[in-house]
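The values are calculated or read from the model by the stated rules, or taken from the named source; none is laboratory data. Just so you know, these numbers come straight off a predicted model, no measurement behind them. Cβ coordinates were reconstructed from backbone atoms using ideal geometry, including for glycine residues, and neighbour counts include every protein chain displayed. Quick note on the areas: whole protein, heavy atoms, side chains included, nothing else; ligands and nucleic acids left out. Shrake-Rupley method; radii C 1.70, N 1.55, O 1.52, S 1.80 Å.
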Amino acid sequence: MKDKKRVWIGAASAVLAVVVFIAILRIQTAGLEEVVYENVVTARQTIAEDTALTEGNIGTLLEIRQVPQEYVPEEALSSLEGLEGCVITAEISAGSILTQGLVRTIPDIYGDYGELFWISVSAEQLTQAVAGTLRAGDVIDLYCVENGAEGVFCSLLQGNVRVERVLTKSGEQIANGDESSLAQLFVIPMEREDIPLFYEALYSGSLMIARCDG
């Protein structure tokens with residue numbers, strides 16, 4: 001009787017040893033599984049909503065990191081290419097992964113406005129100090145001023161243009177009540193036929209603006 005009991009205990013011990021061995025082997029095997037990483041775009045710091053991504057700030061605000069594939073969202077961005085000129089649509093915490101829904105181009109934000117096109121103008125391209133004081137909602141006239149054989153010639157490119165968005169050099173939107181921040185970039189609508197003349201005047205240095213305070 002005792003011999004049978006010893007045999008049963010021995011057999012049970014052997015089975016238990018096999019089970020423990022298999023468990024340990026599985027744990028070790030799982031630890032040896034290769035982890036697959038993917039490149040993703042992440043925020044270096046907290047980024048406010050409506051921040052525009054520019055050549056000057058994109059390297060400060062964003063970076064590429066490698067993250068285990070299992071933690072990468074389906075619409076995660078993997079490259080900084082094409083992000084310059086886009087706008088952040090919601091506040092992003094430092095270290096967060098950027099997805100397609102968190103960035104849009106300026107025209108996408110404003111939607112389809114029929115025959116109007118949305119263009120951005122850098123205040124640095126204008127010699128007028130008034131450009132730095134513009135705020136969203138301001139109404140301006142755009143003029144082309146040229147020196148000709150008969151003197152100075154001034155023509156109206158487009159009148160009653162409403163400034164839609166004003167940004168700082170770092171790409172942050174300037175609130176209308178902010179009287180101290182210097183506007184470095186503003187967004188305005190323009191009709192298709194006026195765009196060629198506008199850019200000719202802008203890059204030749206003959207573009208002038210007048211703000212209506214009425």
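Exactly one condition in (1) within 22 Å of Ile47 (Cβ to Cβ); (2) modelled with pLDDT under 85 is false for Cys154; which is it?
(1)
What residue, among those in the range 97-123 that are aromatic (Phe, Trp, Tyr) and under 19 Å from Gln173 (Cβ atoms), is modelled with the highest pLDDT? Steps first, please.
We begin by selecting, within the range 97-123, every residue aromatic (Phe, Trp, Tyr); these are 110, 113, 117-118.
If we keep only those that are under 19 Å from Gln173 (Cβ atoms) as well, we get 110, 118.
Working: Tyr110: 46, Trp118: 74.
Among residues in the range 97-123 that are aromatic (Phe, Trp, Tyr) and under 19 Å from Gln173 (Cβ atoms), the one modelled with the highest pLDDT is Trp118.
Can you name the condition, by its number, that Thr133 falls short on among (1) modelled with pLDDT of 85 or more; (2) touching a Lys or Arg at 6+ places or on another chain (Cβ under 9 Å)?
The failed condition is (1).
Say we look at the range 161-213 and pick out the residues that are over 22 Å from Val145 (Cβ atoms) and small (Gly, Ala, Ser); which of these is least open to solvent (accessible area, probe 1.4 Å)?
By that ranking, first place goes to Gly171.
One line per residue, one yes/no per condition, for (1) surrounded by 13 or more Cβ atoms within 10 Å (Cβ to Cβ); (2) modelled with pLDDT of 55 or more; (3) in contact with a Leu (Cβ under 8 Å, 6 or more places away or on another chain):
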site: Val18; (1), (2), (3): no, no, no
site: Ile27; (1), (2), (3): no, yes, no
site: Glu34; (1), (2), (3): no, yes, no
site: Leu53; (1), (2), (3): yes, yes, yes
site: Ile58; (1), (2), (3): yes, yes, yes
site: Val72; (1), (2), (3): yes, yes, no
site: Leu80; (1), (2), (3): yes, yes, yes
